[in-house]
Amino acid sequence: MGTDWAPSVIAVGLFILLSPGLLFQLPSRTRFCEFGNMYTSGIAVLVHAILYFCLFTILTVAFNLHIWSDFSFPPIKI
């Protein structure tokens, strides 16, 4: 068998997409939700961490996603 890369790929993708202030910030400084403001706060980091955990758990456990890699090269013939 090989290595399951799905948790790593999902974690990196969600980390980039759910960085507070990059695409959206929930809650923001003035409104409930702002898009692309590039600011953050402590409560926004907490909310995005909870969203990250929930989405990561759903994608890896509930949907049972796997990306298998098998790097078994054929032997070199001399």
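Here are the numbers:
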{"read-out": "Any hit, region 39-57, residues being on the phi > 0 side of the Ramachandran plot and out of contact with any Lys or Arg (no Cβ under 8 Å at 6 or more places or on another chain)", "value": "no"}
{"read-out": "Residues within region 1-29 that are of a type outside the set (Gly, Ala, Ser) and assigned to a loop (DSSP other than H, G, I, E, B), tallied", "value": "9"}
{"read-out": "Filter result (β-branched (Val, Ile, Thr), at pLDDT below 90 and in a helix (DSSP H, G or I)) within region 45-71", "value": "VAL45, VAL47, THR60, VAL61"}
{"read-out": "Selection within region 9-29 - polar (S, T, N, Q) and at pLDDT 80 or above", "value": "SER19, GLN25"}
{"read-out": "Complete set of residues in region 35-66 that are within 16 Å of ASP4 (Cα to Cα) and either surrounded by 14 or more Cβ atoms within 10 Å (Cβ to Cβ) or in contact (Cβ under 8 Å) with a residue 40 or more places away in the chain (or both)", "value": "PHE56, LEU59, THR60, LEU65, HIS66"}
{"read-out": "Residues of region 1-29 satisfying the condition of being without any contact (Cβ under 8 Å) to a residue 24 or more places away in the chain and either loosely packed, with under 11 Cβ neighbours inside 10 Å or of a type in the set (A, V, I, L, M, F, W, C) (or both)", "value": "VAL12, ILE16, LEU17, LEU22, LEU23, PHE24"}
{"read-out": "Boolean, PHE32 is modelled with pLDDT of 80 or more, surrounded by 12 or more Cβ atoms within 10 Å (Cβ to Cβ), of a type in the set (Phe, Trp, Tyr) and not in a strand (DSSP E or B)", "value": "no"}
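The values are calculated or read from the model by the stated rules, or taken from the named source; none is laboratory data. Note that the coordinates shown come from a computational prediction; the quantities given were computed from them, not determined experimentally. Cβ coordinates were reconstructed from backbone atoms using ideal geometry, including for glycine residues, and neighbour counts include every protein chain displayed.
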